[in-house]
Each structure stands twice: as C-alpha cells, then as structure tokens.
1. If you average 1/r across every pair of different Cα atoms in the range 149-234 and take the reciprocal, what Kirkwood value do you get, in Å?
2. Reported to two decimal places, what Rg/Rh ratio describes the range 66-119 when computed on Cα atoms with Rh from the Kirkwood expression?
3. Output the antiparallel fraction of DSSP beta bridges having both residues in the chain, as a percent to the nearest 5.
4. For Thr57 paired with Tyr112, estimate the spin-label separation in nm (one decimal), with each label point 7 Å from Cα along the Cα-to-Cβ line.
5. Simple spin-label model, 7 Å along Cα-to-Cβ: Glu128 to Tyr201 in nm?
6. Give me the one-decimal nm value for the distance between modelled label points at Lys178 and Glu190, 7 Å along each residue's Cα-to-Cβ direction.
7. Tell me, in nm to one decimal, what length is gained between Asp210 and Asp101 on full extension, where the rule is 0.36 nm per residue of separation less the Cα-Cα distance?
8. So what is the 222 nm mean residue ellipticity for the chain from helices alone, if each DSSP H run of at least 4 adds -39500 (n - 2.57) and you divide by all residues, rounding to the nearest 500 deg cm²/dmol?
Amino acid sequence: MVDFPGYTLSGTVASFFFILLTMKQSDDFTVISPAHSILAKIGDDSLLTCQLLPKRTAMHMEVRWYLSEPSTPVFAYKDGAEVTEMQLEEYRGRVEWIEDDIAEGSVTLKIYNIQPSDHGQYWCRFQERTYCAETSLQLEVAGLGSAPDIHMEGTVESGVQLVCTAEGWFPEPQVYWKNSRGEKMLTHSEHYIQDEDGLFYVESTLVVRDASAETVSCVIYSPILSEEKRSAISIP
C-alpha cells in the first residue's frame, strides 16, 4: 500500500467513491404523475400535478410544463420565480403556479377556463444543473353543447325525412335516433363541422318509413362525459 502524508491509497479511493455516490444520489431522481388522464369540462378549471421521487425540495430547480416543445412552455419556473418570456401566448394570464408543496417536490399547474385547444398531452420537467427528468399526463377536455333541434323536411322515398342538429359539442359526439319503444333507428346521413373555437356542429338525417312510429327521438351523446341530451318529435 502506498502512503501519502495523512492519507492512504485505500482511504483516498474510498473517499472518491463516496463523493461519486453522493453526486449520484443528488442527481438521481424521477418524476411521476397520475396514471389516469385528467378530465376537465370546457369553461372549468383544471389542476395538473407532478411529483419528484424520492421526495425532495424543488425550490432551486428549473420546472417546465409544456405540450410539444420545452422551449415554448405552458409555464416555466426558474430561480424561484416565473419565467414568462418563452410562454405560449394562449396561456398567458390563464395559468397559475401552485408551489405549496414544492419543499416535498410536488408542483401543480392550474389552468383556468378550459378550452378545446387545451386537450392533449402535457409534460412536466424538472432540471437540476445538467440532469433532468420528466413525466407526462393526458388532459381530456369535453363539453356538452346544445340540445338537439329536430324538424321535418317533407316526404322522401315514401317516408318522412327528419333532420336533427346540435352545436357546441366537444369532442365529436355520437348521434343516434330512437323510436317510441327505445329502439335505435338507422340514420340516413350524418355530418360534422368543427368551428374556429374547436366546437362541433352535427347534423343527422333520418327517413321514417314505419307508419307506426308516432314519436321519434334524437340523442346527442358524449362518450367521455357519459352524458346526453335528447329531443323528441311527433310524426303526423
């Protein structure tokens, strides 16, 4: 064994590996988020949360929430303050950084007045010096639109043609017709149009050939919310 003043080679090696281990423990963290998607209705507010593991303070770290590019974040936090220069324009003044549990490595982003464009996959990224880790979570946005409006457009193909319309739905809803016995009826045609706000207008056409069908209902259904709106019309 080679000795140095005040040191031994074995002691120096042990100290070196202790320093490496300490550095590894300092940098080695992961980020987790809820495994399930977050559901939010249009016009409501939503909370997106992520957590460092093992739990540790993130006050000195850089944290970013982003959609596709870290360079254009939904929100960025650095040196204990919000960074707004790179923030996506559509989120300015519409997000809030909640750091009540940042000492435990938990941070939350609150998005106000949820819009269809907020639907998507969000990434939460922590960075400490050159080391970073991130996780993603899915924000599902949905909204109920108007109740269906039904009107008759005359007689065609030996039957009565009915048209059902509704607007303001997101995402694209399901549309179906039912007779007075609650049985689904075959739709003649169906059209969807998405407006500039991302909301859907739907138009469905039904030709009623069954003379016994006195009342017919049009149902607009949101699979995400498991909610529906319906209207009925009497066949003369």
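Coordinate-derived values only; no laboratory data. Worth saying up front: this structure is predicted, and the values here are computed from it rather than measured. All Cβ positions, even for glycine, are placed from backbone atoms using ideal geometry, and neighbour counts span all protein chains on display.
1. Hydrodynamic radius (Kirkwood, Cα pairs) of the range 149-234 is 13.3 Å.
2. Reported Rg/Rh, Kirkwood definition of Rh: 0.96.
3. Bridges in the chain are about 95 percent antiparallel.
4. Between Thr57 and Tyr112, the label points sit 3.0 nm apart.
5. Going by the 7 Å Cα→Cβ label model, 5.4 nm.
6. Using points 7 Å along Cα→Cβ, the separation is 1.6 nm.
7. 32.9 nm
8. When only DSSP H runs of four or more count, the value is -2500 deg cm²/dmol.
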